[in-house]
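Down below is the structure, laid out as structure tokens.
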Amino acid sequence: MSSAPPSPTTSRPRRLRFAAALRLNRPSEIWFKPALSVVVSIAPPNLTLLALDRLDLAMYTMAGSLCALYAHHRPYAARARVLAGVVLGMLAGLAVALVTASLTTNAAVLVTVGALLAAAQKALCDATRLGPPGNVVLTFVSSAALFAPQSLGQVPGHLALGLAAGAWAWLVCMAPGLLRPHGPERRATAQ
């Protein structure tokens with residue numbers, strides 16, 4: 001009796017080629033640092049707003065505080081430059097969104113401006129190789145600001161809140177350099 005080759009229906013099932021893309025990688029060794037930095041960056045500005053009974057302004061301080069998510073894998077000199085650029089980029093997107101929101105309530109205009117902002121933020125983040133989380137947070141904040149009720153006179157004060165919170169986030173992200181000035185380089189070398 002000769003053995004026939006196995007039929008396609010009885011052979012072992014083939015693994016899907018994209019299974020590797022769906023497999024989770026090990027988390028970064030510093031996965032907790034961006035999250036912890038954001039918590040420390042958010043707490044003082046928003047607790048101050050809570051004490052002043054002005055939590056309606058939290059969106060603007062959150063914009064600056066969320067900049068603490070960026071550049072934790074970079075040496076401190078590069079981190080300082082990148083974070084300053086992220087804060088300025090966040091404020092630029094926020095400024096465009098707030099000015100647009102103060103000038104119109106037309107949904108088509110707001111969505112168009114939001115799409116143009118998102119495209120510009122994506123292009124800039126890709127061109128500068130910003131790294132995670134890329135343009136996602138910048139786009140999220142500017143898109144939300146587009147639909148916040150606003151008057152033109154309020155825009156400078158709201159941007160000042162964002163700038164103050166962004167400066168605090170910069171300080172929070174640079175503070176570990178006082179204790180371990182070469183920590184990022186040592187981690188990179190160890191890997």
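The values are calculated or read from the model by the stated rules, or taken from the named source; none is laboratory data. What you are looking at is a predicted structure, and each value in this text was computed from that prediction instead of being measured. Don't worry about glycine lacking a Cβ; one is built from the backbone with ideal geometry, like all the others, and counts go over all protein chains shown. Surface areas here come from the heavy atoms of the whole protein model, side chains and all, with no ligands, DNA or RNA. Shrake-Rupley method; radii C 1.70, N 1.55, O 1.52, S 1.80 Å.
Would you call Ala123 surrounded by 15 or more Cβ atoms within 10 Å (Cβ to Cβ), hydrophobic (A, V, I, L, M, F, W, C), part of a helix (DSSP H, G or I) and under 17 Å from the mean Cα position of the chain (by Cα)?
Details: surrounded by 15 or more Cβ atoms within 10 Å (Cβ to Cβ): no; hydrophobic (A, V, I, L, M, F, W, C): yes; part of a helix (DSSP H, G or I): yes; under 17 Å from the mean Cα position of the chain (by Cα): yes.
When the stated conditions are applied, Ala123 does not pass them.
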Verdict on Thr100 being part of a helix (DSSP H, G or I), open to solvent by less than 30 Å² (accessible area, probe 1.4 Å), of a type in the set (Val, Ile, Thr) and at pLDDT 95 or above: yes
Matching option when the condition is under 17 Å from Leu159 (Cβ atoms), aliphatic (A, V, I, L, M) and open to solvent by less than 40 Å² (accessible area, probe 1.4 Å), among Ala95, Ala68: Ala95
Whichever residue in region 133-166 is in contact (Cβ under 8 Å) with a residue 40 or more places away in the chain and loosely packed, with under 14 Cβ neighbours inside 10 Å and, among such residues, is nearest to Leu91 (Cα to Cα): Leu152
